[in-house]
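The values are calculated or read from the model by the stated rules, or taken from the named source; none is laboratory data. Just so we're clear, the structure is a prediction, and the values are computed from it rather than from any experiment. Neighbour counts are summed over all protein chains in view; Cβ atoms, including those assigned to glycine, are modelled from backbone coordinates with ideal geometry.
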Amino acid sequence: MHLDDYLITDATDLAALVADKQVTPVELLALARQRADQVNPKINAITRRLDDVADARAAEPLRGPFAGVPFLVKDLAQEYAGFPTTNGCHALVADVAEEHALVTQRFLDAGLVVFGKTNTPEFGAKGITEDDLLGRARNPWNLAHTPGGSSGGSGAAVAAGIVPAAGANDGGGSVRIPAACNGLVGLKLSRGLTPYGPQGTEMMFGMVTQGVVSRSVRDSAALLDAIVGAPTRYAAYAAATPDRFLPELDRPPARLRIGFTVSSAINPSPDPEAVAAVAGAARLLAELGHEAEEVEAPHDDDALARDFLSIWFAQLHGQISLIKHRLGSPDSAFAADSLAAAEIGRAAGVGALFAALENVNRHIRALDDFHQRYDLLLTPTLAKPPLEVGSVDTPPMLQRASRIIAKVRAGKLLNATGILDQLIAENLGWVPYTQLANLTGRPAISVPLHWTATGLPLGVQFVGSLASDGLLLRLAAQLEQAQPWFHRYADLDPALTV
């Protein structure tokens, strides 16, 4: 197989070629590395290579639906035994995992050959992938723009053709945002379908789910089939796992009633490209026989954003406190933004956390009321095209102030300044649509149906009712057949630099 062939073959077909002995895992690994050597210096998607273990694994007899296919895992909550999982944080650069994360083990059980770890912002806290430790990841479609976050390294690697799919996870949009930024498929599963641990408990009180980003719907379906299912040692899982996703893809969904909106209290004026993305999707749905009707947003996204950030800040405070206790890490080992957010969470107290968690039920009921009338909710995935790299950097003076505020525990003073409003506007203003699925535990998928006039991807999102994950994949497969996208990958100009 030549590299040109590798770039236009999805993981499902690569596995079939290995099974038919038309190509070997060693040959596929060499092609993945060849592509990585070509493009990774430009996009900074892979931040750690696992060459020795990948070589050994590729030479072994492999079993599973993806035996021999090259793969990458995210450097956050997808631990690989014998290597650190940094979470993008200086405090964790020497924190070597003693065993694989359960999700990583399931990727390996599927026969995948993991040869690297992908870039992520510290603790996955941002919708961009720009990190003090791991550096800035760049969008292979335009190096001046972000690949999104927090699974931005995975998104950039797949869009650039290093691998056909890569590991990702989603606590506020971190699968769907990079999918939208990079022209990929990204499904955030219903709560309770993917494993966590054994390194820790559910992240973000169950709001985080494991997953993948990929270029084909069938790859996403089969890879999710490989990781879905509860380990018996852990609680808070769905009582029953769904039917397998892949076998159902050939069964188009019946006529669906879909409500669409671009409305957002956080961003009242979404970019015209985001509006065009939803309008185009609605037209395509109508052509396929579905009913697409414009609706009012079913929830108060400003209130939801406040609850989401209250939970996130409390989680971050607890996470940093545990790392400091376990490893003795100083404040200097954490990014200033993380320290400031954690201090806001500490100062707000347990009452604010429990109030936000109690409000989750209100958001669930609002979305459930919507789903009594409509099968799916359609929105833009992003309120604007992928941001320019560096455009939301925290000014150095504010970083210094944040460290001081965290050190003297002046979070209450910080809260009094109205900083929450500023954080909502700056961090969620361009991605106001994705947190709904995380807070409510519902599934949501981003599919690459729109490209901007400047050639950047901008996906659209479908949000389903609980356990409608298979329906979302079946609709995505129907859309992929009607308006194919797999042929698109970012063929970076070798001379292109930044």
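For the reader, a short list of remarks on this structure follows.
- Breaking point among (1) aliphatic (A, V, I, L, M); (2) over 21 Å from Leu439 (Cβ atoms); (3) modelled with pLDDT under 95, for Ala341: (2)
- Restricting attention to segment 14-41, the residues being assigned to a helix (DSSP H, G or I) and free of Cβ contacts under 8 Å to residues at least 40 places away in the same chain number 9.
One line per residue, one yes/no per condition, for (1) assigned to a strand (DSSP E or B); (2) touching a His at 6+ places or on another chain (Cβ under 8 Å); (3) surrounded by fewer than 24 Cβ atoms within 10 Å (Cβ to Cβ); (4) on the phi < 0 side of the Ramachandran plot:
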| position | (1), (2), (3), (4) |
| --- | --- |
| Cys181 | no, yes, no, yes |
| Tyr196 | no, no, yes, yes |
| Thr201 | no, no, yes, yes |
| Asp219 | no, no, no, yes |
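- Residue check for Ile46: crowded, with 17+ Cβ neighbours inside 10 Å and not polar (S, T, N, Q): yes
- Residue list for segment 51-81, restricted to those being out of contact with any helix residue (DSSP H, G or I) (no Cβ under 9 Å at 6 or more places or on another chain) and buried (at least 17 other Cβ atoms within 10 Å of the Cβ): none
- Only residues that are in a helix (DSSP H, G or I), in contact with a strand residue (DSSP E or B) (Cβ under 8 Å, 6 or more places away or on another chain) and among the hydrophobic types (A, V, I, L, M, F, W, C) were counted in segment 118-173, giving 4.
- Cβ-Cβ under 9 Å pairs, at least 6 apart or on other chains, segment 150-170 side within 16 Å of Val447 (Cα to Cα) and touching a residue at least 24 places away in the same chain (Cβ under 8 Å), far side of a type in the set (Phe, Trp, Tyr) and surrounded by fewer than 24 Cβ atoms within 10 Å (Cβ to Cβ): Val158/Tyr489; Ala159/Tyr489; Pro164/Tyr6
- The residue that is farthest from the chain's Cα centre (by Cα), counting only those in segment 80-104 that are over 14 Å from Gln199 (Cα atoms) and part of a loop (DSSP other than H, G, I, E, B), is Ala94.
- Residue check for Ala77: in contact with a strand residue (DSSP E or B) (Cβ under 8 Å, 6 or more places away or on another chain), part of a helix (DSSP H, G or I) and not polar (S, T, N, Q): no
- Residue match in segment 263-270 (condition: part of a loop (DSSP other than H, G, I, E, B) and in contact with a Ser or Thr (Cβ under 7 Å, 6 or more places away or on another chain)): yes
- Total residues in segment 237-262 satisfying the condition of being modelled with pLDDT of 95 or more, in a loop (DSSP other than H, G, I, E, B) and either among the small types (Gly, Ala, Ser) or in contact with a Cys (Cβ under 8 Å, 6 or more places away or on another chain) (or both): the figure is 1.
- Filter result for Gln483 (touching a strand residue (DSSP E or B) at 6+ places or on another chain (Cβ under 6 Å), at pLDDT 95 or above and among the polar types (S, T, N, Q)): no
- If the condition is being over 15 Å from Val463 (Cα atoms) and not polar (S, T, N, Q), then segment 180-193 contributes Cys181, Gly183, Leu184, Gly192, Leu193.
- The residue that is surrounded by the fewest Cβ atoms within 10 Å (Cβ to Cβ), counting only those in segment 314-334 that are of a type in the set (Gly, Ala, Ser) and in contact with a helix residue (DSSP H, G or I) (Cβ under 6 Å, 6 or more places away or on another chain), is Ser329.
- Against the criterion of being under 26 Å from Thr261 (Cα atoms) and either touching a residue at least 60 places away in the same chain (Cβ under 8 Å) or in contact with a Gly (Cβ under 8 Å, 6 or more places away or on another chain) (or both), Leu327 does not qualify.
- Of the residues Phe107, Phe115, the single one that is over 12 Å from the mean Cα position of the chain (by Cα) and assigned to a helix (DSSP H, G or I) is Phe107.
- Helices (runs of 4 or more DSSP H) fully within segment 397-483 counting 3 or more residues that are on the phi < 0 side of the Ramachandran plot and surrounded by 19 or more Cβ atoms within 10 Å (Cβ to Cβ): 435-440, 469-482
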